[in-house]
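The values are calculated or read from the model by the stated rules, or taken from the named source; none is laboratory data. These numbers were taken from a predicted model, which means no experiment stands behind them. Quick reminder, even Gly has a Cβ in these numbers, built from the backbone with ideal geometry, and neighbours come from all protein chains shown.
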Amino acid sequence: MNSVVAQNIIRFILLFAIQIIVLNEIELHGFINPYIYPLFILLLPIEIPTWLLLLLAFGTGLTMDFFTSSLGLHAAACVLMAFARPAVLDFNRPRGGYETGDRPTIKSLGFRWFLIYAAVLIVIHHVWFFLLEVFSLIGVLSTVSRIVISSVISLLLMLAHQYLSNR
Amino acid sequence: MQNFIQFILRFHALFLFLILQGLCLYLITREHHYQRSIIYKATDELTGTVYTGVTGTRDYVGLKDVNDSLVAENARLRERMLMLELMQISRKDLQADTEWIDSTRYEVFKYRAAKVINNSTDRIGNFFTINKGSKDGFRPEMGIVGPNGIVGVTKRVSKNFTTAMSLLHKDLRISSLIKNRNYIGTLRWNGGDPNYARLTDIPKHVNPELGDTIVTSYYSNFFPDNLMIGTITDMSLDGGSNFYSITLKLSTNFNNIKYVYGVEFEKFNELQQLEQKTYSE
């Protein structure tokens, strides 16, 4: 158990070193920034309890946020990704289920398995991240509340029109 | 009660997820609020130190570019000096009317050199960090100028570091002037290519031309007037609109800003207080 913890701590530091020193410096077409740090969450042991997974994801995202002054953005994306992980593990279950000693890696479960697993979770992470980034500039709550309120009012107007014109 | 506890335990993952997501959304929406600045105060020094290390290695690689831009800046400064000398000479000729040259604008601005230790251009709201902080006289809402033109406006200041909103930030608006038309518009950046920004509020009758120079206007509280921003590369009149949609190429290459100057406007506080009082009346 201790070696698993140590292994993950080292992986965390290593991934963040790559992320901050190399990847954050790369500018692809000026508008693309690749992320490798979510791999830390992907590679946590399969049998990890969900609550621990969520807390670790939150901490991971927050660490990234501190380095990019985007407080909350990466954390939100990581938490959603971690929350989806058990479900993805479940539907991507190899024939015969997981065995003790299986780890969520290519070496342990094969290329095809890892590709599906990683692709689904990374898409979830990125979609949520970029949606929130757009919203955060004007405020999530104000945007969402504007969407909700104007939807409700529009709907009420249309209903009113239906009642009035059909009489 | 037992049922309730069992219910919580059964769905503990869902509840924890909702709590954490809620916390994140809360943090995101608190952009300008107190809690956020407290959290950053605790972490800015740490991340700043890491970035100083990263920058150290990067500096050697970029020395040639830095040299080039310093040489260019030297040339510009020499030109400016010459101009000022000329102005002084002409002033001596015109001693009777000392108001002829408005020197007050120049005297109230002070420049403080700093180095950029972190920078981004790939987001919609870009920030950069510089290696000087409150102990070097930096404070929030201070204009930042690079060798090739304006770069941004400071946002948060800790003891040794300052973060600033880059010109490449969706929320930053700069009052700008088309130099040879003497007409003022608003500069903004809407994401996308970090080399181009947009100028709005220029009415139809101004007739700007491709290649016209855009500089800071005399209405800005962050910058002295007449600082380079960019040149017009594209413009169009949107169907039926009375205003031009102008695209300009920024004179600063935001992918390699290294050395910048904080522009200290000595009477900033006084001006701001006066304006706030006026607006709130």
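In the stretch B:182-200, how many are more than 19 Å from the chain's Cα centre (by Cα) and surrounded by fewer than 16 Cβ atoms within 10 Å (Cβ to Cβ)?
Here the count works out to 1.
When the strands (runs of 3 or more DSSP E) confined to the stretch B:165-281 are screened for residues that are aliphatic (A, V, I, L, M), those reaching at least 3 such residues are found at B:174-178, B:196-203, B:228-237, B:243-250. If you go through the stretch B:26-67 and keep only what is hydroxyl-bearing (Ser, Thr, Tyr), in contact with a helix residue (DSSP H, G or I) (Cβ under 7 Å, 6 or more places away or on another chain) and modelled with pLDDT under 75, you end up with B:Thr29, B:Thr43.
Selection of the stretch B:126-147 for residues being aromatic (Phe, Trp, Tyr) and part of a loop (DSSP other than H, G, I, E, B) yields only B:Phe138. Only one of the listed residues (A:Leu42, A:Leu71, A:Leu23) is at pLDDT below 85 and either more than 30 Å from B:Ala164 (Cα to Cα) or more than 10 Å from chain B (Cβ to nearest Cβ) (or both). That residue is A:Leu23.
Would the stretch B:197-213 turn up any residue that is touching a helix residue (DSSP H, G or I) at 6+ places or on another chain (Cβ under 9 Å) and either modelled with pLDDT of 85 or more or not aromatic (Phe, Trp, Tyr) (or both)?
There is no residue in the stretch B:197-213 that is touching a helix residue (DSSP H, G or I) at 6+ places or on another chain (Cβ under 9 Å) and either modelled with pLDDT of 85 or more or not aromatic (Phe, Trp, Tyr) (or both).
For (1) at pLDDT below 85; (2) within 14 Å of another protein chain (Cβ to nearest Cβ); (3) in contact with a helix residue (DSSP H, G or I) (Cβ under 9 Å, 6 or more places away or on another chain), each residue gets a yes or a no:
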site	(1), (2), (3)
B:Tyr106	yes, no, yes
B:Ala113	yes, no, no
B:Phe127	no, yes, yes
B:Lys132	no, no, no
B:Phe138	no, no, no
B:Met142	no, no, yes
B:Gly149	no, no, no
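One residue is enough: does the stretch B:175-184 have a residue meeting the conditions within 14 Å of another protein chain (Cβ to nearest Cβ), touching a Pro at 6+ places or on another chain (Cβ under 6 Å), at pLDDT 90 or above and on the phi < 0 side of the Ramachandran plot? Within the stretch B:175-184 (the criterion being within 14 Å of another protein chain (Cβ to nearest Cβ), touching a Pro at 6+ places or on another chain (Cβ under 6 Å), at pLDDT 90 or above and on the phi < 0 side of the Ramachandran plot), the answer is no, since none of the residues qualifies.
Answer yes if at least one residue in the stretch A:46-60 is within 12 Å of the chain's Cα centre (by Cα) and outside any helix (DSSP H, G or I), and no otherwise. No, every residue in the stretch A:46-60 fails to be within 12 Å of the chain's Cα centre (by Cα) and outside any helix (DSSP H, G or I).
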